[in-house]
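Structure first, commentary second.
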Amino acid sequence: MGCGRVGSGLAKALEEAGHSVAVIDQNREAFRRLGPNFNGRTIAGVGFDQDILLEAGIESAAAFAAVSNGDNSNILAARVARERYNVPNVVARIYDPERAEIYQRLGIPTVATVLWTTDQMMRRLAPEGSQSEWRDASGTIQLCEVSLHREWFGKPALLIEEATGARVSFITRLGEGLIPNSHTVLQEGDLVHVTLLESERARIDEILSREPEVS
């Protein structure tokens, strides 16, 4: 639902990946963003209207993305898709970070546009400490990009796990992701992503801000 820049880009990417896609938008002109090669269905209407959803094929949908420019419309449509039609994979884009947090804790996956952008900017402007990239619905577990003291570079990546108890999920190196093994050594410029308990985050940040203790 929503055929703006995000919605149209998502629709084209899903189709290129081999999925059948239906796009809903109140403005027919918005469908021009899909380009002449888009083979999916386009339905003009309100994305949480039952008749419109049925026309789009909601009863057989494997996933539903609510990416219009209205928070209320997105969350309402996401709830209808999940609760009425039992769509297994549902996500809503939310501009208000506070509301996104509430819906996330209620088990409705959200992407908070403003919060994500703020986190990305802060990560580059002030890299101290960890920056949350994902959290489970309960808020207990987080995937974070962590900031390391310079002395960690040149050490084994798994030393982070030994020192903190957190799991090194992956490393971004020169723009590409890699999953570390026992032979992976941290290099200057690596972006390190760890899975941790929210309750342990401050302690882990403090450990990684110091030189590693090597026995």
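The values are calculated or read from the model by the stated rules, or taken from the named source; none is laboratory data. Just so you know, these numbers come straight off a predicted model, no measurement behind them. In this analysis, Cβ positions are derived from the backbone assuming ideal geometry, glycine residues included, and neighbour counts consider all displayed protein chains.
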Segment 83-110 residues that are among the β-branched types (V, I, T) and in a strand (DSSP E or B), paired with ones that are modelled with pLDDT of 80 or more and surrounded by fewer than 14 Cβ atoms within 10 Å (Cβ to Cβ) (beta carbon under 9 Å, 6 or more apart): V90/A63; V91/A63
Assuming A56 fulfils every condition listed in (1) over 29 Å from D136 (Cβ atoms); (2) surrounded by fewer than 16 Cβ atoms within 10 Å (Cβ to Cβ) apart from one, which condition is it? (2)
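So, in segment 9-25, how many residues would count as being farther than 15 Å from A65 by Cβ and at pLDDT 95 or above?
Residues meeting the conditions: 0.
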Tell me the residue from A81, A92, A63 that is modelled with pLDDT of 90 or more, buried (at least 19 other Cβ atoms within 10 Å of the Cβ) and closer than 14 Å to M1 by Cα, please. A81
Could you list, in sequence order, the residues of segment 160-215 that are hydrophobic (A, V, I, L, M, F, W, C) and without any contact (Cβ under 8 Å) to a residue 24 or more places away in the chain? F170, I171, L174, L178, I179, A202
Quick check: anything in segment 60-75 touching a residue at least 40 places away in the same chain (Cβ under 8 Å), outside the structural domain of E133 (by TED's automatic domain parsing) and of a type in the set (F, W, Y)? yes
Evaluation of S73 against (1) at pLDDT below 90; (2) surrounded by 17 or more Cβ atoms within 10 Å (Cβ to Cβ) (one fails), failing number: (1)
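Report whether or not R5 is surrounded by fewer than 19 Cβ atoms within 10 Å (Cβ to Cβ) and modelled with pLDDT under 95.
Answer is yes for this residue.
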